[in-house]
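Take a look at the following structure, please.
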Amino acid sequence: MRAATRNPGDVLEAAAAPAMALACVGLRKEYAGRAALDLDRLDVPGRETLAVVGPSGAGKSTLLRLIALLERPDSGELRFGLSAAGPISAEAAGGSTATGAPVDPWGNGWGEAGRVTLRRQMGFVTQKTVMFTGTVAENVAYGLGLRGVPADEVRRRVGEALETVGLEHAAGWPARFLSGGEAQRVALARALIGRPSIILLDEATANLDPANVGIIERIITGQRQRGTTIIMVTHNLGQARRLADRVLFLWEGRTEYLGPAVGFFSGSGVPRARAFVAGELVY
Amino acid sequence: MPLTSEIIEIVLLSLFVSGTATVLAGLAGVPLGTFLALGRFRGRGLAMRLTYTLMGLPPVLAGVVVFLILSASGPLGRLHLLFTPAAMVIAQTLLVLPIVTGLTSVTVAGKDREIRETALALGATPRQAATKVLVEARLGITGALAAGLGRAIGEVGAVMLVGGNIAGFTRVMTTAIVLETRKGDYTLGLWLGLILLVVAFLVNSVFAGLQGAGETR
C-alpha cells in the first residue's frame, strides 16, 4: 500500500471559507413516525472540523444526508453560506429571489437547480463506497464531467487528485475491483476533485485497516489546513480527538453535547457524554 | 419438409419476428421500467403489480386479443395484418413488453438508491443521476432483453393464432414443431426443437458476451 505522496493542499484548492459555512435551525426528520433527528440549532463556522459522534441510531447519518441535500427535512431550515465571494444568493443558485442572505435550499423559490449548485460545493463520502463501472480515472472525473469542465483540465485534475490519495498508478484500473481502502481513497478523490467548501464524511474510515485510516486522515488533515469545513461522522473517538475542533454528541436524535473537542474528551461534558467517551454508556 | 432451404427460412423468420418484437418491447419497456422504478407517482404500486401480472400473460390469450383486434371485424381489421409476420410481431411484442418492463424496473430499482445518491452527491442533476442509474443497470437490462427474446422465440400459442402457420410466409420454428408433431413426424419435430435451442443458445451467447464486456469494466 502506498502512502499519499502529496499534500492535498498542493492540488485541491478550496475556496476561501466564509464566516458561517452552514446553520441548521430546528431541523427535524422522522422515519415511520419516529424522530431520527430533532436538532434545535447547529452553527458550523467556516474552516471548522466538526466530529459528530453518538451511538447507532442517534441521527448522525440523517444529519449528514440532510446537509448533503439528499433528503428534505420534515421541518426546520438549513442555511448555507458556502461561497468564497460571500453567501450564495438564491438567484446565483437558481432560486427566484436574490437576497444575498444565507440560503435555505428547501425554502420558497428554490428549485432543484439551486440545490444542485449547493451540492456541487460539497463533497460527501460514505462508509459504503459506491464505485461506478469504468476505470478509477473515470470515477474520479465523473463530477467534473457533470460540470462541463474541459477534457484537458479534467485529465490534469484527475491526475492531481489521484496523486493526492496515492493512487496515481491506478488510474486505468477497473474501479469495481478495488480493495476497500483503495475504493475509499478513490471516493475521497472523487469528492475532493470538485474543490468543495464543505466535506461531509460519514464513517469514511470504518472497516479500514490502520494504514488506510492513516492515509485518509492525512488527506483530511490537509483539507483542514486549507480551511475546508469538515463535518465527519465517526465511531472512532481517537479519530475525532485527533481531527476535530468541536464535537456534536447526538443521543436519540437530539444534541446531548456541542462544544470543544477538548472539553468533550476531558470529561467536562454532560454525564451521558462522559459515559459515552468512557465506553460505559449502555444503549 | 426439405431440411435445408425451408428450415433456414423458418429459422430466419423466427429470428426476425422475435428479434423485432424484442427490439420494439425494449424501446418501450426500458423507459417504462425506468419510469416505474424511479418515478414517484400515484398508482405506482398498482402499475408495478399489473406489470408483474402481465409478465405471466398466457401467449394464447395475447394471441386471441391480437386476433380479435386485427380480424376483419376488429378495430384494426382494415389494416389486413392478420396472418402476416407483422401480426406475429405485434403479438410477441405484447408478450415481451411486460417482461422487459418488469425486469428493467427491478434492476433499476436495485441500483437506484446508492447509485442515484452517489451521483447526486457528486453534483448530478436528477436527470443526470437517472441516466447514471440506467448506465449502471445496463447489465440487468441486457438480461431483461435476453429473457424477453427467450420468451418470444419459444412461444407458440400467439404466433400460431395470429400467423396461421402458413408455409413460406408465417411458419416459424415453434409452429413448425407443432405441425410436424401432429403429422406424427416426431423425429423432425425433435430436430427442429434442437435447432431452436441451438439458435436460442447462440443468441444468448451474444447477450452474455455483451454482459461480460460490461462486467469486466
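The values are calculated or read from the model by the stated rules, or taken from the named source; none is laboratory data. Not measured: the values here are computed from a predicted model. Note: ideal-geometry Cβ built from the backbone for every residue, glycine included; neighbour counts use all protein chains shown.
Is it fair to say B:T175 is within 26 Å of B:L97 (Cα to Cα), out of contact with any Asp or Glu (no Cβ under 7 Å at 6 or more places or on another chain), among the hydroxyl-bearing types (S, T, Y) and free of Cβ contacts under 8 Å to residues at least 60 places away in the same chain? Working first, answer last.
Working: within 26 Å of B:L97 (Cα to Cα): yes; out of contact with any Asp or Glu (no Cβ under 7 Å at 6 or more places or on another chain): yes; among the hydroxyl-bearing types (S, T, Y): yes; free of Cβ contacts under 8 Å to residues at least 60 places away in the same chain: yes.
Considered against the rule, which asks whether it is within 26 Å of B:L97 (Cα to Cα), out of contact with any Asp or Glu (no Cβ under 7 Å at 6 or more places or on another chain), among the hydroxyl-bearing types (S, T, Y) and free of Cβ contacts under 8 Å to residues at least 60 places away in the same chain, B:T175 comes out as yes.
If a residue has to be in a loop (DSSP other than H, G, I, E, B) and small (G, A, S) to count, how many in the range A:21-62 make the cut?
8
When A:A93 is evaluated against the numbered criteria (1) of a type in the set (A, V, I, L, M, F, W, C); (2) modelled with pLDDT of 70 or more; (3) outside any strand (DSSP E or B); (4) surrounded by 21 or more Cβ atoms within 10 Å (Cβ to Cβ), which criterion, by number, is the only one it fails?
(2)
Kindly check whether there is at least one residue in the range B:84-104 that is among the small types (G, A, S), surrounded by 20 or more Cβ atoms within 10 Å (Cβ to Cβ) and within 14 Å of chain A (Cβ to nearest Cβ). Write out each step before concluding.
Taking the range B:84-104 first, the residues among the small types (G, A, S) are B:86-87, B:91, B:102.
Those left that are additionally surrounded by 20 or more Cβ atoms within 10 Å (Cβ to Cβ): B:87, B:91, B:102.
Okay, now just the ones that are also within 14 Å of chain A (Cβ to nearest Cβ), so none.
Checked the range B:84-104: no residue is among the small types (G, A, S), surrounded by 20 or more Cβ atoms within 10 Å (Cβ to Cβ) and within 14 Å of chain A (Cβ to nearest Cβ).
For residues in the range A:122-137 being at the interface with chain B (Cβ under 9 Å from one of its Cβ atoms) and touching a Gly at 6+ places or on another chain (Cβ under 9 Å), which is surrounded by the most Cβ atoms within 10 Å (Cβ to Cβ)?
Ranking the qualifying residues of the range A:122-137, first place goes to A:G123.
Of all residues in the range A:163-182, count the ones that are crowded, with 23+ Cβ neighbours inside 10 Å and among the hydrophobic types (A, V, I, L, M, F, W, C).
Residues that pass the stated criteria total 3.
Also, I was wondering about something else. Of A:A206, A:A187, which residue is among the hydrophobic types (A, V, I, L, M, F, W, C), closer than 25 Å to A:A58 by Cβ and touching a His at 6+ places or on another chain (Cβ under 7 Å)?
A:A206
OK, next. Can you list the helices (runs of 4 or more DSSP H) lying wholly within the range B:1-96 that have 1 or more residues being more than 17 Å from the chain's Cα centre (by Cα) and basic (K, R)?
Ranges flagged: B:44-54.
Can you pull out every residue in the range B:118-157 that is within 14 Å of another protein chain (Cβ to nearest Cβ), in a helix (DSSP H, G or I) and not aliphatic (A, V, I, L, M)?
Within the range B:118-157, B:T118, B:P126, B:R127, B:Q128, B:T131, B:K132, B:E136, B:R138, B:G140, B:T142 meet the criteria.
Of the residues A:R72, A:R65, which is within 14 Å of chain B (Cβ to nearest Cβ), assigned to a loop (DSSP other than H, G, I, E, B) and either closer than 15 Å to A:P105 by Cα or touching a residue at least 40 places away in the same chain (Cβ under 8 Å) (or both)?
Numbers: A:R65 fails: assigned to a loop (DSSP other than H, G, I, E, B).
Going through A:R72, A:R65 in turn, just one is within 14 Å of chain B (Cβ to nearest Cβ), assigned to a loop (DSSP other than H, G, I, E, B) and either closer than 15 Å to A:P105 by Cα or touching a residue at least 40 places away in the same chain (Cβ under 8 Å) (or both): A:R72.
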